[in-house]
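The values are calculated or read from the model by the stated rules, or taken from the named source; none is laboratory data. Quick caveat, the model's predicted, so the values are computed rather than measured. Here the Cβ positions follow ideal geometry from the backbone for every residue, glycine too, while neighbour counts run over all protein chains shown. These area figures cover heavy atoms from the full protein model, side chains too; ligands, DNA and RNA do not enter into them. Shrake-Rupley method; radii C 1.70, N 1.55, O 1.52, S 1.80 Å.
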Amino acid sequence: MNESLNICLSCGFCCDGTLIGHVQLDREELPVLKELMDIEDENGNGFFLQPCNNYCDDCSIYSKRPKQCANFKCGLLKSLEQKELNFNSAIEMINVVKQKKIAIEKKLVTLNIELHSQSFYFKMVELKKLLQKNKSESSLTQNHLELILNLEQLDSLLTKKFGVTLY
Ligand code: SF4
Ligand code: SF4
């Protein structure tokens, strides 16, 4: 098994809703994919929301996966393939993101902040807007400030290392 495949098996962020909120589908691939997964249909344009139902440590429809999935390569994977990053550093980066996610989720529980989106990605978009709205309020506690810091660090990490921004 090559390093690229190995790194993706240790990661899964582009399938589990960390890095991407939805996957857009081409019209011509809809008939086949409709047999394999739940697809949202918007005026004949298909997409599905993350986390993907076909993800369970790996893609269960790998040979028939959508084009957007097959073509996607994050910055981390590209850096690994171009030998700008070694395997251990890439794994370390993935683990830092996992830890940041846990830290953010714990703070959300502590602060009793309820987010309604399905994926971590859209939850973070929701959270960013919420924090932006309340940023100037003097009622922000130490926990709020730590949450903001964690979110900023995660955003910066995803932008710099994975080439994706939580907009
Ligand atoms: S986010 Fe990058 S490293 Fe992770 S599974 Fe997707 S392509 Fe692979
Ligand atoms: S179809 Fe496969 S590759 Fe695409 S998001 Fe789902 S699990 Fe990942």
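Some notes on this structure:
- Dimensions (Å) - the chain, Cα atoms, principal axes, largest first: 53, 43, 21
- Surface share of carbon and sulfur [accessible, 1.4 angstrom probe, percent] for the range 39-167: 49 percent
- log₁₀ of I(q)/I(0) at q = 0.12, 0.15, 0.21 Å⁻¹ - the range 21-107, Debye sum with one point per alpha carbon: -0.52, -0.75, -1.05
- The spacing between the range 108-152 and the range 36-55, judged by their C-alpha centroids, is 28 Å.
- Hydrodynamic radius (Kirkwood) for the range 61-131, which is based on Cα pairs only, to one decimal in Å: 14.8 Å
- Angle between the chain longest axis and helix 142-157 axis [Cα atoms, degrees, rounded to 10]: 30 degrees
- Taking each DSSP H run with n ≥ 4 as -39500 (n - 2.57) and averaging over every residue of the chain yields -15500 deg cm²/dmol at 222 nm.
- When the chain is treated as a Gaussian network with alpha carbon springs shorter than 10 Å, the biggest mean-square fluctuation among Cys74, Cys15, Cys56 belongs to Cys56.
- Within the listed set Leu157, Leu131, Leu77, the Gaussian network model of the chain (springs between alpha-carbon atoms below 10 Å) gives the highest mean-square fluctuation for Leu131.
- Counting 0.36 nm for each residue step from Leu9 to Lys64 and taking away their Cα separation leaves a gain of 18.0 nm.
- Cut-off of 10 Å, at most 15 other beta carbons, DSSP loop: longest stretch of the chain lacking such GluC sites (Glu not before Pro): 1-83
- Crossing angle, helix 120-134 versus the chain [Cα axis fit, 0-90 degrees, rounded to tens]: 30 degrees
- Between Cys52, Cys69, Cys11, the GNM of the chain built on Cα springs shorter than 10 angstrom shows Cys69 fluctuating the most.
- Size descriptor, Kirkwood hydrodynamic radius, that averages inverse alpha-carbon separations across the range 121-164, Å: 11.2 Å
- About the Cα centre, charge dipole magnitude for the chain (Lys/Arg +1, Asp/Glu -1 at Cβ), debye: 500 debye
- Probe 1.4 Å, protein heavy atoms only - accessible area per residue of the chain in square angstrom: 61 Å²
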